[in-house]
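Have a look at the structure below, then the notes.
The values are calculated or read from the model by the stated rules, or taken from the named source; none is laboratory data. Note that this is a predicted model, so its numbers are computed, not measured. In this analysis, Cβ positions are derived from the backbone assuming ideal geometry, glycine residues included, and neighbour counts consider all displayed protein chains. Just the protein is used for accessible areas: all its heavy atoms, side chains included, with ligands, DNA and RNA removed. Shrake-Rupley method; radii C 1.70, N 1.55, O 1.52, S 1.80 Å.
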Amino acid sequence: MTKRKKTSSEGPESQTTDSVFDFLYHDARRIASLLAQFDPSGHLQSILLGRSAEEGRDSDASLTFSGGIPGLASGKNDTKEQIRRSHAQDIQRVYDPMWSNARALLDTLDEQGLIQRNLKPSETGQLVLITGSLTIHDLQMLSGMWQMQAVQKLIAQAIPELPKSKKGRSETPEYREAVRLAKQAREEYEASSQLFTELIPTLPHATQVQITDDAGDRVWCTVDASGLAMPASDIALKHGLSVPGRWAMLGILDALPENVDEEIRQQTPDGSEMLAKLYESMVPMLRTMLGRPKDAYGVTPLMIFREVIAAP
């Protein structure tokens, strides 16, 4: 652990800031790991500031001799004592720099030119700062609802209906082709919905966050519940899906929008790599159900915040 001790008669150094941030999400470990790379001593975990005073006593004594009656000596003792009176105190204040680390990281990355503010030219692995509207999906709230009959009924209602011909109208080839396609779509949807209702209770129900910038580009990510300033369920109950205001997200860009489907290896008759191929065939489908949309960027978030606006 790194500990910095400082003795001062005036307490901690004052910090001047021209803005205050309201942090909705804060990944302390990742922020610390990045910030430690700019300090040769590593990650600062605490700051100890102290103030102390002393008291003491000073004395000055002198002895003077002079002549007098023969055989006798006379002397004079002159003692001076100075007492420094002071109040002794030892005050120590321990500061937790965790929250100031977020501001320090923002300033350091900005000074080093490591923050990209536009998604289009950015590449995976770069740090990006995105601002825009914020949407939060707390899937944990739904984890216990999938087996409810009312929820399954809502899923069934989404199955496409077959087209119906009007009475007295003959069935044309075009109509029969439309019915055939509708039946095929209905069968595929029924199979998908059945698979969905069976698999969905076993899948991870993470808290998902999306920010849409002014250009209409979406950034998708999941957040750890321990890093949220308040439970995601409270946010959903208060705001619904969209949280008012203009929000900013600093994170590591690690996925770009996709225009092509992933290639899936076919199963082999001998069953070699069966588990790997089964996993490869299942994951894209699971991602479609609960994961990042194909037209969205993927980010590993470090912090989500908004600027506190001062009263006019």
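Counting alpha carbon pairs within less than 8 Å and at least 6 residues apart, what relative contact order, in whole percent, applies to the range 182-229?
That works out to 26 percent.
Applying the Karplus parametrisation 6.51 cos²θ - 1.76 cosθ + 1.60 with θ = phi - 60° to the phi angles of the range 246-253, what ³J(HN,Hα) value in whole Hz is obtained for each residue in order, glycine and proline being reported as x?
Coupling constants for the range 246-253: 9, 10, 10, 10, 9, x, 9, 6 Hz.
Apply 1/(1 + (r/R0)^6) to the Cβ-Cβ distance of L114 and F23, taking R0 = 22 Å, and write down the FRET efficiency to the nearest 0.05.
Taking R0 as 22 Å, the efficiency between L114 and F23 is 0.65.
Just to check I understand the Karplus step: with θ = phi - 60° and J = 6.51 cos²θ - 1.76 cosθ + 1.60, what whole-Hz values come out for the range 217-229, glycine and proline as x?
For the range 217-229, the Karplus-derived couplings read 6, 9, 10, 10, 7, 10, 10, 7, 4, 5, x, 7, 6 Hz, x marking Gly and Pro.
Sketch the reach of a paramagnetic label on M289 as a point 7 Å from Cα along Cα-to-Cβ, and name the residues of the range 216-243 whose backbone nitrogen lies under 19 Å away.
Residues passing the 19 Å test: 222.
Excluding ligands and nucleic acids, what accessible area in Å² is computed for R180 using a 1.4 Å probe, to the nearest 10?
120
Could you give the length gained by full extension between E174 and Q45, i.e. 0.36 nm per residue of separation minus their alpha carbon distance, to one decimal place?
Residue separation times 0.36 nm, minus the Cα-Cα distance, leaves 39.2 nm.
Between D254 and residues 5 or more places away or on another chain, which pairs have amide H atoms under 5 Å apart, with H built 1.01 Å from N, and which residues are they?
G125, G298, V299, T300
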